[in-house]
Amino acid sequence: MHKVDLPLENKEAAALEARREREKQRLSRIFNARHRTMGVDVEALRSQVEERKLREETEKRRDETYGENAERVLCDQVAQMLEEEECQRVRRLHQAVQEFREQQQPPSTRREWDLYNPEGLRQDHPARVSDYDPHCGPASLQRFAGEDLALPTRHQLQQEQQCHSLEEQRAEWQRAMADSKYAGLTCSLAQGGCQGKAPRLGLSARSPLSPQEAEAAEQHRLAHQQEQDDNQAEIHNHLTGPLLTEDPAVADSPLGPHRILTDRWKGMSPKQVEAMWKAQEEQRQENQRLREAERQREAEWEAQRQLAARAAMVLEEEQRRARLQLRKGLDAYNQQLAQEQRAQQQYLQRELYTNPPSAAYHLQFNTSSR
C-alpha cells in the first residue's frame, strides 16, 4: 500500500507521537546530569586529565629517584653533623681562650691600661713637682721658658742675699773710711814732724816720708775713694733699679705690645687691673642684656603659643559644632529616607502586590525543553 493511501488521522497521529518521543528523549538528556552533554567544557576536562597523568608520572619518577638520592642525602646529613661538631669545637676553643684572657690577662696588666683606667686621674701623680723633677726629661714638655715654681722661695733668698751684701758693703765702707782717716793722720804727722810727740807716744823718731811713699799713699787713697764711689753708685743703682722698684716696663717684649716677658713680669698695673674690671663689668652688663632679651623673646614666644593654643581650641570647638550640625542633618535625612522607604514598602505590599503567586505558578516552569 502506498503512503498516500493512508488515512490523514493516522499520519497526524504518527507525527505527533514521533514529536512526543523526541521531546521525551530531549528532556531525558537535558534533565539527566550524568548523561547530559550540553554545556560541558570538553577542553577543561581534557586538560584536567592531562594534568593528572603528568602528576602521576612525576610522582613515579620521584619515587624512582628517591633511592638514588638516599645515599647522597645521607652523606649530606653526615657532613652537616661533622660541620656542627667542628663549629662546637671551635666555639669551645674560643670560649676557653676568652676565659684564659679574662683570668690571666685582665685589663690592668696591659700596657695601655693607663689610657682607659677609670681610676687613672685619682692614682696619677702631677706633671711635675718642682723645676728639677727627675720625671721631666728633655722631651716631657713640662717646663718652658719663663715658668718657675720656686719663684717665691728664690725671691726670699735673693732678698736675704741682697741684705747680706748691703751689710757687707756698709761694713767695708766703714772700714775704708776708718783707713782713710788713719792714712790722713799719718801723713799729717809725717809732714809736721813728730819728734816732740815721739816720747809721749812711746815711739822712736823717724825720718819724713819720701815723695814715692807720699805718691803711693795718695794713689791708695784715690783708689780707695774710687772704690767707695763705685760701691755707692752700685748701691744707688740697686735701690733705684727695676729689680727693687718692680718697674713693669722691664716686662715689655720687643715682639709686640701685646706680649710680655714672663721671667720679668711683675704683675698687672693698677690701670690694667682697672681696665680688666671695667671689661668684666661691660661683659656682665652685655650678658645681662642678652639674658633680658632672651627672657623677653621667650615671653613673646610663650604668648604666641598661648594665642595659638587658644585659636586651636576655638577652631576645634567650631569643627565639633560643624560635625554635630552635619550629623544632625544626616540623621534627619536618613529619617526622611526611612519614612519614604516604609511608605514605598507599604504601597507595594498593600496596593501593588495584592495578588501573590501560588505554587501552581512555579510548577509550570522547567516542564519543557524549549
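Between GLN219 and LYS278, what is 0.36 nm times their sequence separation minus the Cα-Cα distance? Round to one decimal in nm.
Numbers: separation 59, 0.36 × 59 = 21.24 nm, distance 6.31 nm.
Working it through step by step, the gained length comes to 14.9 nm.
Spin-label point model (7 Å from Cα, Cβ direction): what's the GLN77 to LEU352 distance in nm?
Once both label points are built, they end up 7.5 nm from each other.
How much accessible area per residue does segment 318-370 have, in Å², with a 1.4 Å probe?
101 Å²
Once you put a point 7 Å from the Cα of GLU317 and another 7 Å from the Cα of GLU234, both along the Cβ direction, what distance in nm separates them?
10.0 nm
Within 10 Å of each candidate Cβ there may be at most 12 other Cβ atoms; applying that plus a DSSP loop requirement, which chymotrypsin sites (Phe, Trp or Tyr not before Pro) in segment 83-184 survive?
In loop regions of segment 83-184 (DSSP not H, G, I, E or B), the sparsely surrounded chymotrypsin sites (Phe, Trp or Tyr not before Pro) are TYR132, PHE144.
Can you tell me the FRET efficiency between GLN296 and ALA249 if r is taken as the Cβ-Cβ distance and R0 is 51 Å, rounded to the nearest 0.05?
Details: r = 48 Å, r/R0 = 0.94.
That gives a FRET efficiency of 0.60.
If R₀ is 35 angstrom, what is the calculated FRET efficiency for the pair GLU43 and ARG19, using the beta carbon separation as r and rounding to 0.05? Don't skip to the answer; put the middle values down first.
Numbers: r = 34 Å, r/R0 = 0.98.
E between GLU43 and ARG19, to the nearest 0.05, is 0.55.
With each label point set 7 Å from Cα along the Cα-Cβ vector, what nm distance links ASP114 and LEU93?
Label-label distance for ASP114 and LEU93, simple model: 3.7 nm.
At a temperature of 25 °C and a viscosity of 0.890 mPa s, determine how fast segment 97-164 diffuses translationally according to Stokes-Einstein, using the Kirkwood radius over alpha-carbon pairs as Rh; express D in µm²/s, rounded to the nearest whole number.
151 µm²/s
Ignoring ligands, DNA and RNA, what percent of the accessible area of segment 212-356 is carbon or sulfur (1.4 Å)?
Carbon and sulfur: 53 percent of the exposed surface of segment 212-356.
Pull out the extension gain between ASN10 and LYS266, defined as 0.36 nm times the separation in residues minus the alpha carbon to alpha carbon distance; nm, one decimal.
76.4 nm
On a C-alpha basis, how far is the centre of segment 260-279 from the centre of segment 79-145 in Å? Whole number, if you could?
So the two Cα centres are separated by 47 Å.
Please sort by residue number the trypsin sites (Lys or Arg not before Pro) in segment 45-131 whose DSSP state is loop and whose Cβ has at most 14 other Cβ atoms within 10 Å.
Passing sites in segment 45-131 are ARG110, ARG111.
If you place +1 on the Cβ of every Lys and Arg, -1 on the Cβ of every Asp and Glu, and leave all else neutral, what size is the dipole of segment 306-364 about its Cα centre, to the nearest 20 Debye? Show your work: numbers first, answer last.
Details: 8 positive and 6 negative charges, 37 e Å.
So the dipole magnitude of segment 306-364 works out to roughly 180 debye.
For a quick check of your reading of the filter: which chymotrypsin sites (Phe, Trp or Tyr not before Pro) in segment 276-359 sit in a DSSP loop and have no more than 12 other Cβ atoms within 10 Å?
On the way: sites: TRP277, TRP301, TYR333, TYR347, TYR353; in loops: TYR353.
Hits after loop and neighbour filter: TYR353.
The values are calculated or read from the model by the stated rules, or taken from the named source; none is laboratory data. Being a predicted model, the structure only gives us computed values, none of them experimental. A quick note on method: Cβ atoms are made from the backbone with ideal geometry, for glycine too, and the neighbour counts reach across all protein chains shown. Surface accessibility is based on the protein's heavy atoms, side chains included, excluding ligands, DNA and RNA. Shrake-Rupley method; radii C 1.70, N 1.55, O 1.52, S 1.80 Å.
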